[in-house]
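Written out below as structure tokens is the structure these notes cover.
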Amino acid sequence: MHEVSIIRSVFNSLEEQFSAEEREKLTQIDMEVGLFSNIEPLLLQNAFKAVQEAENKFPRAQLHITSIPIKILCENCHTESVIENYKFLCNNCGRASNNLISGTELLIKRVHFED
Ligand SMILES: [Zn+2]
């Protein structure tokens, strides 16, 4: 499953960055997931719990996902538009554009630790 491998790589990168002692105090992982990234937040949550239990890692951590809208920047009139229903049209001049400026994110934004 796609989402499981994403969670594994998230855990791997946190294990590289933080000591075992720090990891025990980790309570929340904030991720940003673009609506154009092909990642389903619910499946990512399920994968998170599955890997957490199976590998006994980050036992206290919760996953918090923020969805990032798809935006384009029109090459014609330089207006930013939020894209809905995958209609890649400028809201201002109506021209088709696939000049994406957001929506493909898949990243760890922040991690929280117990005080
Ligand atoms: Zn335009």
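Bear in mind that the values in this text are calculations on the coordinates, not laboratory data. A quick note: this is a predicted structure, and the numbers were derived from the prediction, not measured. Neighbour counts are summed over all protein chains in view; Cβ atoms, including those assigned to glycine, are modelled from backbone coordinates with ideal geometry.
The set of residues in the stretch 1-45 that are of a type in the set (V, I, T) and more than 11 Å from the chain's Cα centre (by Cα) comprises V4, T27.
Could you tell me how many of the residues in the stretch 59-115 are part of a loop (DSSP other than H, G, I, E, B), in contact with a Ser or Thr (Cβ under 9 Å, 6 or more places away or on another chain) and either at positive phi or among the aromatic types (F, W, Y) (or both)? Full working, then the answer.
Let us first name the residues in the stretch 59-115 that are part of a loop (DSSP other than H, G, I, E, B), namely 59-61, 69, 74-79, 84-88, 90-95, 97-99, 103-105, 114-115.
This time we only want the ones that are in contact with a Ser or Thr (Cβ under 9 Å, 6 or more places away or on another chain), so: 60-61, 69, 74-76, 88, 90-93, 97, 103-105, 114.
Those left that are additionally either at positive phi or among the aromatic types (F, W, Y) (or both): 88, 103.
Number satisfying all stated conditions: 2.
Scanning the stretch 84-115 for residues that are within 16 Å of the ligand (Cβ to nearest atom), surrounded by fewer than 14 Cβ atoms within 10 Å (Cβ to Cβ) and in contact (Cβ under 8 Å) with a residue 40 or more places away in the chain yields a count of 0.
Can you pull out every residue in the stretch 31-45 that is more than 15 Å from F11 (Cβ to Cβ) and either in contact with a Gly (Cβ under 6 Å, 6 or more places away or on another chain) or in a strand (DSSP E or B) (or both)? First the steps, then the outcome.
Going residue by residue through the stretch 31-45, those that are more than 15 Å from F11 (Cβ to Cβ) are 32-43.
Within the stretch 31-45, E32, V33, G34, L35, F36 meet the criteria.
Among the candidates S37, S67, S81, single out the residue that is within 16 Å of the ligand (Cβ to nearest atom), of a type in the set (G, A, S) and either exposed (fewer than 12 other Cβ atoms within 10 Å of the Cβ) or under 18 Å from T104 (Cβ atoms) (or both). Walk me through it before giving the result.
Values: S37 fails: within 16 Å of the ligand (Cβ to nearest atom); S67 fails: within 16 Å of the ligand (Cβ to nearest atom).
Only one candidate passes the filter, namely S81.
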